[in-house]
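Since the structure comes first, as structure tokens, the remarks are kept for the end.
The values are calculated or read from the model by the stated rules, or taken from the named source; none is laboratory data. All figures in this text were calculated on a predicted structure; none of them were measured in a lab. Heads up, the Cβs are rebuilt from the backbone with ideal geometry, glycines too, and the neighbour counts pull from every protein chain shown. Calculation scope for accessible area: heavy atoms of the full protein, side chains included, ligands and nucleic acids excluded. Shrake-Rupley method; radii C 1.70, N 1.55, O 1.52, S 1.80 Å.
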Amino acid sequence: MKKSLSPFLTLFISFLIISCFSSTKETINELESIAINLQDAKSGRFDSIFTVEDLISLKDSEGNPITKIKRILSLEKNYWILSSEKILHLDSNGEILNQLSNQGQGPAEYQSVDDIRWNENSNLLEVLDKNSGKLLRFTVEGTFHDEWKNPFLYLATSFIPQGDDYYIYGGVFFNGDGNRAVLVSGKTGEKINGYSKIGKERNYLSVLNNDTFYNTGDKTEFFYSDSDTLFTLGESGARAKYFFDLGEFQTPEEFFDRDFENIMDFRNKAAENDYASVFSIQPTNKNLFLFIIQGSKFYTAIVNRSSHEVKITKGWSSEFGDDFSNLSSYLAYTPIGSDSEFLFFSVDPYAIKSEIDKLKGNPSLPDFLKANSLIDRIYQNFETYENPYILKVRIKEF
């Protein structure tokens, strides 16, 4: 077994990461290295890390099928959610206050809904339509205001307002000047800056993230799939803030420079070498939620921003036995959004019912459902409610 990387080697590797994935203006000032020891990871109980604050159903939506919730925005104690085809405005109890379903190619219409943000500069809600290359803008009540078209939005997957300007991730510029993210003027539409150069990965890495930016006070954090570094963005460039040290399982930078046929080829080769990478990050003000892939294994890691203490689990456990491990976590894997305090997951009632049906012969099932009333509620209400639920959780204090 290889030993963990020395602090000097860790810093050196972090320098290489910044060099490979950043523009010449990017620096490593204030880089904080956080060790994540996958070897010590064990199964943990979902409720040992998270406190469930609420399980929200979409009230009176039985005749309004919603296949998937992609993103959620918490705003003024209400919620805006993006499904595959609709934009929904909910109150804190899940009552639908407004529904926007204007698919098309004209003004106020969209071909896709991919990310959603609140713009404090304009006091407008903004929704990304990557297929049309535009932002649709609404009042806080959901009244259409206007739209903003920009070529950098075409095929992008995430954005965030920055004063009069916008940070944008993904899009056609992946194959243009090779930046993962750009800062674009909201007034002129022109590119102001580019961040995190992309190399050969453009040929095989999928742009998966619908949430790659997070505002912390006056700074914007930036992260993306298969990067082990979280950056802060500014006019002077991208600054590496956190480097996630996965020790001997770290994916070498030269591995990304190989020629892969597609994303599955990349993942299969990484699995053969036992490499690990951070697949997604979801921040709150106090913590970072990391979903890590190593081969066919999946890990959930919670990082405390202040202490750098890490809680990591390899799957979930239950006092009712291994058969209940998936069910005990609501079959929730990666969040659909966060705010300063909470994480939000989408819970599929079909998956819950299917898992319970598999366990019908298990003598522990009645006791499990009695001890897990929210999961039992999903199961008992399945015949009358089949839309996704929103699971609102708080990360427990370390």
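Residue-wise, which Karplus ³J(HN,Hα) couplings in Hz belong to segment 125-130, taking 6.51 cos²θ - 1.76 cosθ + 1.60, θ = phi - 60°, and x for glycine or proline?
The phi angles translate into 7, 10, 10, 7, 10, 5 Hz.
Might you report the magnitude of the Cβ-based charge dipole of the chain about its Cα centre, with Lys and Arg at +1 and Asp and Glu at -1, to the nearest 20 debye?
460
Which order do TYR204, TYR333 take when ranked by solvent-accessible area (1.4 Å probe, heavy atoms of all protein chains), largest first?
Highest to lowest solvent-accessible surface, that is TYR333, TYR204.
Solvent-accessible area per residue for the chain at a 1.4 Å probe radius, Å²?
Values: 17790 Å² over 398 residues.
Result: 45 Å² per residue.
Over the chain, with every protein chain in place, what whole percent of the accessible area is carbon and sulfur at 1.4 Å, could you tell me?
Working: 8330 of 17790 Å².
Taking all protein chains in place, the chain shows 47 percent carbon and sulfur surface.
Once amide H atoms are built 1.01 Å from N in the peptide plane, which residues 5 or more positions from PHE279, or in another chain, come under 5 Å H to H?
Residues meeting the criterion, in which the H sits 1.01 Å from N, are ASP226, PHE291, ILE292, ILE293.
How much mean residue ellipticity at 222 nm does the chain get from its helices, if each DSSP H run of length 4 or more adds -39500 (n - 2.57) and you divide by all residues, to the nearest 500 deg cm²/dmol?
Here the helix-only value at 222 nm equals -4000 deg cm²/dmol.
So how do 70-78, 239-247 stack up, highest first, on mean other-Cβ count within 10 Å?
239-247, 70-78
Restricting things to Cα coordinates, could you compute the convex hull volume per residue of the chain in Å³?
Hull volume over Cα atoms, normalised by residue count, gives 147 Å³.
Restricting everything to alpha-carbon atoms, can you work out Rg to Rh for segment 274-317 with a Kirkwood hydrodynamic radius?
My calculation puts Rg/Rh at 0.99.
Can you flag which of LYS68/LYS370; LYS86/LYS311; LYS314/LYS370; LYS353/LYS392 are past 31 Å Cα-Cα?
Listed pairs above 31 Å: LYS86/LYS311.
Answer rounded, prolate or oblate for segment 35-178, using the Cα gyration tensor with square roots of eigenvalues a ≥ b ≥ c: rounded when a/c is under 1.5, else prolate when a/b is larger than b/c, else oblate.
The shape class here is oblate.
For the chain, with the dipole built from +1 on Lys and Arg beta-carbon atoms and -1 on Asp and Glu ones, taken about the Cα centre, which of LEU82, PHE368, LEU391 lies farthest toward the positive end?
Of the options given, the answer is PHE368.
Quickly rank 225-231, 41-47, 162-168, 143-149 as a protection proxy: mean count of other C-beta atoms within 10 Å, highest first.
Packing order, densest peptide first, comes out as 225-231, 162-168, 41-47, 143-149.
At 0.36 nm per residue, minus the direct Cα-Cα distance, what do ASN285 and ASP177 gain on full extension? Give it in nm, one decimal, please.
Difference between extended and current length: 35.6 nm.
Using Cα pairs closer than 8 Å and at least 6 residues apart in sequence, work out the relative contact order for segment 316-384, in percent.
Dividing the mean separation by the residue count of segment 316-384 yields 26 percent.
Go through 373-381, 298-306 and give me the packing order, highest mean Cβ count within 10 Å leading.
Numbers: 373-381: 16.0, 298-306: 18.6.
Taking the mean over residues of other Cβ atoms within 10 Å, the ranking is 298-306, 373-381.
Can you compute 3J(HN,Hα) from phi for each residue in segment 302-309, using the Karplus curve 6.51 cos²θ - 1.76 cosθ + 1.60 with θ = phi - 60°, rounded to whole Hz and x for Gly and Pro?
10, 10, 7, 4, 7, 8, 6, 5
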